[in-house]
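One structure below.
The values are calculated or read from the model by the stated rules, or taken from the named source; none is laboratory data. Everything quoted here is computed from the prediction, not taken from an experiment. All Cβ positions, even for glycine, are placed from backbone atoms using ideal geometry, and neighbour counts span all protein chains on display.
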């Protein structure tokens, strides 16, 4: 009986360590991705809010690095990492020059006020989205 409890405890500990390492790995992946590209959008291909955020960059003729989380096996873990890093698990999550801009509404607002063009160092020719 004592051996069974000890083995169970060890297995639970190993599972905890494994999950912690996976979470840490996902956090590191997000950090590395964000630092490696000037514009990053964590997205889902079917999400209308994601399409709206991506449309802003299309309007500005700027190509972001887009990760479609629904196309990735680790998409859910990446969303967990986003929650840990920025306090939001929802998509889209947009990063500009390594800094978190926010979601769809934040991106559209930054576009409409000219702040996004300023962050990107480009001239803005906005239209209504």
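Numbers for the structure displayed
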read-out	value
Filtered residues of segment 51-82 (kept if assigned to a helix (DSSP H, G or I), free of Cβ contacts under 8 Å to residues at least 12 places away in the same chain and out of contact with any strand residue (DSSP E or B) (no Cβ under 9 Å at 6 or more places or on another chain))	58, 76
Candidate set from segment 110-125 (those that are in a loop (DSSP other than H, G, I, E, B) and more than 17 Å from residue 37 (Cα to Cα)); member that is modelled with the lowest pLDDT	125
Among residues of segment 83-109, those that are in a helix (DSSP H, G or I), crowded, with 17+ Cβ neighbours inside 10 Å and touching a residue at least 24 places away in the same chain (Cβ under 8 Å), counted	3
Looking only at segment 48-61, and only at residues there that are in contact with a helix residue (DSSP H, G or I) (Cβ under 6 Å, 6 or more places away or on another chain) and surrounded by fewer than 18 Cβ atoms within 10 Å (Cβ to Cβ), the one that is nearest to residue 103 (Cα to Cα)	49
From 35, 25, 45, residue being surrounded by 11 or more Cβ atoms within 10 Å (Cβ to Cβ), modelled with pLDDT of 60 or more and either in a strand (DSSP E or B) or under 13 Å from the mean Cα position of the chain (by Cα) (or both)	35
Boolean, residue 40 is in contact with a helix residue (DSSP H, G or I) (Cβ under 8 Å, 6 or more places away or on another chain) and surrounded by 14 or more Cβ atoms within 10 Å (Cβ to Cβ)	yes
